[in-house]
1. Compute the longest continuous run of the chain that contains no exposed trypsin sites (Lys or Arg not before Pro); treat a site as exposed when its DSSP state is not H, G, I, E or B and it has at most 15 other Cβ atoms within 10 Å.
2. I need the Debye-formula profile for segment 44-99: one equal scatterer per C-alpha, no solvent, reported as log10 I(q)/I(0) at q = 0.30 1/Å, two decimals.
3. Using alpha carbon centroids, what distance separates segment 68-130 and segment 1-43, in Å?
4. Relative to the first principal axis of the alpha-carbon coordinates of the chain, what is the inclination of helix 158-169, with its axis defined by its Cα atoms, in degrees from 0 to 90 and to the nearest 10?
5. What's the local net charge at HIS51, with K and R +1, D and E -1, over the other residues with C-beta under 13 Å away?
6. Considering amide H positions built from the backbone, and no H for Pro or chain starts, which residues 5 or more places from VAL174, or on another chain, come under 5 Å of its amide H?
7. From largest accessible area down, sort ILE114, ILE68; use a 1.4 Å probe on the protein chains.
8. Whose amide H sits under 5 Å from the amide H of MET120, counting only residues 5 or more places off or on another chain, with H placed in the peptide plane?
Amino acid sequence: MTGTAVEADLQVRLESFMNRKDEIREKALKELQQFQVLMLDGHFDFGNGYHGRLYLNPHQLFRYPSTIWRFAQDLLDVLPASLLEETEVVAGPATGGALLAHTVAGLLDSRRAITRSPTMFAPFMVDAYRGPGLSRFYRQQLVGKNVLIVDDVRNTGQTLARCATIVRSAGGKVIATAELYDRMEATTDAGAPNFPLAEYKAPENYHADACPMCAAGMAITKF
Ligand SMILES: [Zn+2]
């Protein structure tokens, strides 16, 4: 092939590769709905005076272990190959992020040469008031290591950012963050590239007395 033909061929391959990633991400968004992690077309009463169309229940991801294995495989499929190659530790905040990190670390090794050192896992314990923390044992494991931080859902991005700060303070290098579902409302950056499997921005919520679904007589969705 001529130089231009090689370039054209590479371009076609790159596009089909990107299309495949888009397909995986679209499929994941549908599956999040199918597994009732994400409910998009309801009329939900959040119990705080607000109503809205979208409800997110991350517990559904972990109720059946096979569900999280499935989404973890998809997440690995959309992450850049170089990232998968460099990752030495997968860390995530309890409970959902830690379960996901544990699964991702295990699955990563199933895609690598058996002669490589196994991928480590580290859980951040999350305190309702103080936020995420990491035990001394795990802090020691992170020294000089490339760390991928994962979570089930990214809301404001604050949890991932705090986890990243902890990894750096322990002497680890945060190479990326990733999550199964990004609400697209992040206001805080973890200082590393972020890769969502699925993303969807929630439509606005309404005060119960100004709710258009109520006005239209739509029944409250039970979940
Ligand atoms: Zn309503």
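The values are calculated or read from the model by the stated rules, or taken from the named source; none is laboratory data. All figures in this text were calculated on a predicted structure; none of them were measured in a lab. Using ideal geometry, Cβ is built from the backbone for each residue, glycine included, and neighbour counts are taken over all protein chains shown. Ligands, DNA and RNA are stripped out before the accessible areas are found, and what is left, the full protein with its side chains, is counted by its heavy atoms. Shrake-Rupley method; radii C 1.70, N 1.55, O 1.52, S 1.80 Å.
1. Here the longest segment lacking exposed loop sites spans 1-110.
2. -1.18
3. Result: 21 Å between the Cα centres.
4. In the chain, helix 158-169 runs at an angle near 30 degrees to the longest axis.
5. Here the charged neighbours net out to -2.
6. Residues meeting the criterion, in which the H sits 1.01 Å from N, are VAL147.
7. Details: ILE114 165, ILE68 10 Å².
Putting ILE114, ILE68 in descending order of accessible area: ILE114, ILE68.
8. Result for MET120 returns VAL89, VAL90.
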